[in-house]
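The values are calculated or read from the model by the stated rules, or taken from the named source; none is laboratory data. Everything numeric in this text was worked out from a predicted model, so none of it was measured. Glycine gets a Cβ as well: all are built from the backbone with ideal geometry, and neighbour counts include every protein chain shown.
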């Protein structure tokens, strides 16, 4: 009795796995799509019990995962890309708003205003000169420039 519904079950698993794969940026469910597709084909053939289809789904999904994931991950590996933002590091800028460990401030580079956070415990007042030491997410990390007397 359950065998007559397995065609729809495997079709549903196949479509859901493809939709999940389409909306994610990482390889998550393509392996299950392959297993569901093979089980879908088996469900069309009369006389194959549903438990055989389930075993085939698990085996095919695991095999495709084990055999292809390492190769595909290596091909799709995110590489560190250098951007022109890296040239900001080391530049001296003027704080437009106060910067402290509790509140981000703002600095301006090339007529663009960026949020800035402090690199150490020393607060930076508005219109005080500071130096960019790093970039953290979309914020510039700055430190106070010590004025030598």
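Scan the range 17-46 for residues that are closer than 17 Å to residue 64 by Cα and outside any helix (DSSP H, G or I) and jot them down.
26, 27, 28, 29
When you scan the range 55-68, do you find a residue that is over 32 Å from the mean Cα position of the chain (by Cα) and assigned to a helix (DSSP H, G or I), even just one?
Applying the first criterion (over 32 Å from the mean Cα position of the chain (by Cα)) to the range 55-68 yields 55.
Adding the requirement that they be assigned to a helix (DSSP H, G or I) leaves 55.
Looking for residues that are over 32 Å from the mean Cα position of the chain (by Cα) and assigned to a helix (DSSP H, G or I), one finds at least one in the range 55-68, hence yes.
All but one of (1) more than 28 Å from the chain's Cα centre (by Cα); (2) more than 30 Å from residue 141 (Cα to Cα) hold for residue 96; which doesn't?
Of (1) more than 28 Å from the chain's Cα centre (by Cα); (2) more than 30 Å from residue 141 (Cα to Cα), only one is false for residue 96: (2).
Filter the range 13-54 down to the residues that are within 30 Å of residue 75 (Cβ to Cβ) and surrounded by fewer than 15 Cβ atoms within 10 Å (Cβ to Cβ) and list them by number.
Restricting attention to the range 13-54, the residues satisfying the condition of being within 30 Å of residue 75 (Cβ to Cβ) are 13-41.
Of everything in the range 13-54, those that are within 30 Å of residue 75 (Cβ to Cβ) and surrounded by fewer than 15 Cβ atoms within 10 Å (Cβ to Cβ) turn out to be 15, 16, 19, 20, 22, 23, 24, 25, 26, 27, 28, 41.
Tally the residues that are under 20 Å from residue 59 (Cβ atoms) and at pLDDT 85 or above, restricting the search to the range 22-36.
Result for the range 22-36: 8.
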